[in-house]
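Everything on this sheet refers to the single structure shown next.
The values are calculated or read from the model by the stated rules, or taken from the named source; none is laboratory data. Fair warning: this is a prediction, and the values are worked out from it, not measured in the lab. Every residue, glycine as well, gets a Cβ built from its backbone with ideal geometry; the counts of neighbours run over all protein chains shown.
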Amino acid sequence: MTFRLKLISIMIALGTIIIVVLTSFMALHNKRTLTENTLAANKNIAAAISIHIDNYLEELARTTKTLAASSLILANVRESNDYYESFSEAERQQFLQASDILWLEAAEPDDEFLQKYLANPVSQHLQGQEEVIPDLYGEIFLTNKYGGLIAATNKLTTFSHGYKYWWLAAYNNGKGKVFFDDRGYDTSVGDFVLGVTVPVSQNGEAIGILKSNMKILSLFDRIIESYSPLFEPGIVKIVRSGGQVVFEPEVAPLSTKLAWEIPEDASSTIYKNEAGKEMLASISPVKNTIESEKFSFGGEEEKSIDHLYGARGENWHVVLEFPLSVIEAQVLAQTKQFLSLGLFSLLFISLITYFIINRATNSLVELVKLTEEVGRGNLELRLQVKSKDEIGKLIGSFNNMVANLKETTASKEELAAEIEKRSRVEEELRHLSTVDELTGIYNRRAFNEEAGRLINYSKEKNQPLAVAMIDLDQFKTINDTYGHNTGDRILVEFTKLLTKTIGEENIFSRWGGDEFMVLMPNTDSPTAYETAEKFRAAVEKAELAPNVFVTVSIGVTELRKKDTFHDLLTRADNAQYRAKTRGKNSVQML
């Protein structure tokens with residue numbers, strides 16, 4: 001073999017090795033980077049979905065509590081309790097057992113005993129609530145404080161409920177607490193439901209229980225569908241902490257289980273599915289399904305007389321599964337492009353070099369050195385073209401090859417830019433989950449979190465903390481008279497006046513509709529009262545829309561040593577109620 005062939009052979013071998021090594025390194029680096037960034041992005045998406053579900057659970061609880069507070073329900077619960085209290089304990093149990101038997105034996109819809117509970121004024125009132133969102137409600141029913149049925153929208157499996165786990169959890173030894181019942185398939189509804197169980201309260205004591213069994217799957221489907229463009233081709237599942245899948249698109253509920261255990265502390269993991277394919281999993285807990293002062297969640301029996309597949313004290317998690325093969329396909333495409341370009345360029349250079357080797361010995365030595373630099377990742381170096389002959393053309397071609405390699409390498413930066421773009425979208429989603437869209441101030445959820453933090457801080461530092469609850473007087477009349485566009489404009493201008501008058505250093509929230517909340521750190525009641533009175537006077541004079549003037553009723557109170565957040569809000573609400581009942585357009589302090 002001649003020297004020229006040996007040199008060409010060595011050049012080809014060396015160039016191929018360099019290109020393969022560089023390609024392998026690039027592929028490993030790209031896969032690791034893209035995997036880490038995808039896990040982080042999917043974690044944020046899972047967190048956004050879990051926050052969305054949390055907000056819906058709170059809304060379901062508020063709606064059910066509002067229903068439980070109606071005068072019709074309170075009056076009928078008191079009447080039923082009075083009737084049951086006329087019995088001795090033994091007589092009560094006999095009455096409940098006998099009613100259970102009559103209930104189970106009643107087969108005809110027009111049975112007189114059934115109609116007593118399915119067609120009374122309370123059941124008709126509950127049926128009216130169901131008709132508001134017929135796709136959501138499975139059934140609603142009301143019991144007294146002994147578990148005896150008062151009214152229902154559907155024939156339940158039993159008449160008596162006071163011994164059941166969900167009833168006991170919501171009754172809470174007479175103190176009352178919202179309980180989400182993850183009961184799986186409800187036999188009387190004939191569907192998969194989540195029970196929203198709330199106490200009927202009077203003077204802080206639970207005197208009865210109201211339960212709404214909600215067909216929750218359609219709600220999950222709508223929430224997850226709204227986020228689907230952000231995680232395709234991934235799959236979002238709602239799972240219990242034990243791994244049982246509550247919801248997965250196009251899969252029967254509670255029919256499957258995760259092939260891996262949910263880590264207690266980790267927010268992401270990589271696992272192999274049943275087909276042996278590696279998957280990325282990002283996990284975010286649904287916070288309102290974890291035991292708290294505000295809510296209880298779970299179940300006790302997997303199977304009973306009235307439900308199947310119930311939870312056993314488990315909470316929910318949002319799991320976003322993403323196939324690792326998608327990332328590997330992207331990396332493979334980049335690797336093929338890089339490898340093809342490198343090998344083609346190497347072959348091109350080698351063929352030219354074969355014919356000009358005798359004249360280009362010195363230049364080829366320089367070219368080999370430059371190739372080694374490229375192999376080490378230095379793509380900035382170039383050879384100077386000193387002639388227009390074959391040597392000059394070779395050097396020019398090599399310079400072009402290095403430029404192309406640099407351009408290919410730059411694709412990694414474009415990938416990073418795309419990831420940054422997704423991060424900005426996710427940040428915007430987080431922002432939207434905390435800010436009221438119309439006024440630009442905190443929404444109720446964000447305000448609650450900030451209030452909890454400030455209450456703890458004020459108690460720790462022994463600093464005063466005041467709260468003002470503000471309500472626009474006769475705002476519904478304004479909406480009806482001038483239209484919702486004018487109403488929205490008034491709310492926006494009202495918010496600007498609020499932040500300007502009271503001071504941007506305070507915490508503002510649109511609490512709901514025409515009701516606003518203000519937290520004033522390091523502020524005592526007298527100062528807060530003066531500030532609120534100043535704002536009330538400013539509102540009274542302000543023309544918030546053309547020829548439209550409004551007034552406000554404000555309740556002010558200060559955090560006390562043993563106050564909870566609920567205590568503080570209740571006192572502010574009572575102060576505002578006093579302002580309303582004393583003619584509106586005033587500030588009252590408790």
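Annotations for the structure displayed:
- For region 456-472, filtered to residues that are assigned to a helix (DSSP H, G or I) and touching a Leu at 6+ places or on another chain (Cβ under 8 Å), the residue that is surrounded by the most Cβ atoms within 10 Å (Cβ to Cβ) is Ser458.
- Restricting attention to region 148-194, the residues that are surrounded by fewer than 21 Cβ atoms within 10 Å (Cβ to Cβ) and in contact with a His (Cβ under 7 Å, 6 or more places away or on another chain) total 3.
- Hey, Gly512 at pLDDT below 95, within 15 Å of Glu437 (Cβ to Cβ) and surrounded by fewer than 16 Cβ atoms within 10 Å (Cβ to Cβ) or not: yes
- Any chance Arg422 is more than 28 Å from Gln337 (Cβ to Cβ), modelled with pLDDT under 70 and basic (Lys, Arg): no
- Taken over region 236-287, the criterion of being crowded, with 16+ Cβ neighbours inside 10 Å, among the charged types (D, E, K, R) and more than 17 Å from the chain's Cα centre (by Cα) is satisfied by no residue.
- Residue satisfying condition, being of a type outside the set (Val, Ile, Thr) and out of contact with any helix residue (DSSP H, G or I) (no Cβ under 7 Å at 6 or more places or on another chain), within set Ala48, Ala106, Ala40, Ala27: Ala40
- Breaking point among (1) within 30 Å of Gly148 (Cβ to Cβ); (2) assigned to a strand (DSSP E or B), for Val246: (1)
- Qualifying residue in region 58-66 (condition: out of contact with any strand residue (DSSP E or B) (no Cβ under 8 Å at 6 or more places or on another chain) and more than 24 Å from Ile209 (Cβ to Cβ)): no
- Search result, residues across region 175-207 that are of a type in the set (Val, Ile, Thr), under 29 Å from the mean Cα position of the chain (by Cα) and outside any strand (DSSP E or B): Val189
- Some residue of region 205-215 being modelled with pLDDT of 95 or more, surrounded by fewer than 17 Cβ atoms within 10 Å (Cβ to Cβ) and either of a type in the set (D, E, K, R) or more than 24 Å from Ala119 (Cβ to Cβ) (or both): yes
- Considering region 119-137, and only residues there that are of a type outside the set (S, T, N, Q) and in contact with a Ser or Thr (Cβ under 8 Å, 6 or more places away or on another chain), the residue that is farthest from Ser188 (Cα to Cα) turns out to be His125.
- Any chance Val556 is aliphatic (A, V, I, L, M), at pLDDT 95 or above and within 33 Å of the chain's Cα centre (by Cα): yes
- Filtering region 536-554 to residues that are in a loop (DSSP other than H, G, I, E, B), surrounded by fewer than 19 Cβ atoms within 10 Å (Cβ to Cβ) and touching a Phe, Trp or Tyr at 6+ places or on another chain (Cβ under 7 Å) leaves only Glu543.
- Pairing residues of region 234-249 that are at positive phi with residues that are part of a strand (DSSP E or B), at Cβ distances under 8 Å and at least 6 apart in sequence or on separate chains, gives Gly243/Lys257.
- Filter pass, Tyr271 being farther than 30 Å from Thr143 by Cβ and assigned by the TED database to the domain that holds Tyr56: yes
- Lone unmet requirement of (1) modelled with pLDDT of 85 or more; (2) of a type in the set (Ser, Thr, Tyr); (3) touching a Lys or Arg at 6+ places or on another chain (Cβ under 9 Å) for Ser255: (3)
- Among the residues listed as Glu59, Glu79, the single one being without any contact (Cβ under 8 Å) to a residue 40 or more places away in the chain, surrounded by fewer than 19 Cβ atoms within 10 Å (Cβ to Cβ) and closer than 23 Å to Ser284 by Cβ: Glu59
- Among all residues of region 471-486, there is at least one that is closer than 19 Å to Glu558 by Cα and more than 26 Å from the chain's Cα centre (by Cα).
Rundown of residues vs (1) of a type in the set (S, T, N, Q); (2) closer than 30 Å to Gly234 by Cβ, yes/no style:
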| site | (1), (2) |
| --- | --- |
| Lys31 | no, yes |
| Glu36 | no, yes |
| Leu57 | no, yes |
| Asn81 | yes, no |
| Tyr84 | no, no |
| Glu89 | no, no |
| Arg92 | no, no |
| Ser99 | yes, no |
| Ala106 | no, no |
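- Within region 15-34, tally of residues that are surrounded by 12 or more Cβ atoms within 10 Å (Cβ to Cβ) and of a type in the set (Phe, Trp, Tyr): 0
- Criterion applied to Ala579, Ala532, Ala575 was being outside any loop (DSSP other than H, G, I, E, B), more than 36 Å from the chain's Cα centre (by Cα), of a type in the set (A, V, I, L, M, F, W, C) and buried (at least 17 other Cβ atoms within 10 Å of the Cβ), and the one residue passing it is Ala579.
- Pair list, Cβ < 7 Å and 6+ apart or interchain, from region 478-490 residues that are assigned by the TED database to the domain that holds Phe549 and more than 12 Å from Val548 (Cβ to Cβ) to residues that are surrounded by fewer than 17 Cβ atoms within 10 Å (Cβ to Cβ) and not charged (D, E, K, R): Asp488/Leu438
- Looking across Leu519, Leu498, one residue alone is outside any strand (DSSP E or B), surrounded by 20 or more Cβ atoms within 10 Å (Cβ to Cβ) and of a type in the set (A, V, I, L, M, F, W, C). It is Leu498.
- Number of residues in region 339-362 that are at pLDDT below 65, in a helix (DSSP H, G or I) and in contact with a helix residue (DSSP H, G or I) (Cβ under 8 Å, 6 or more places away or on another chain): the value is 1.
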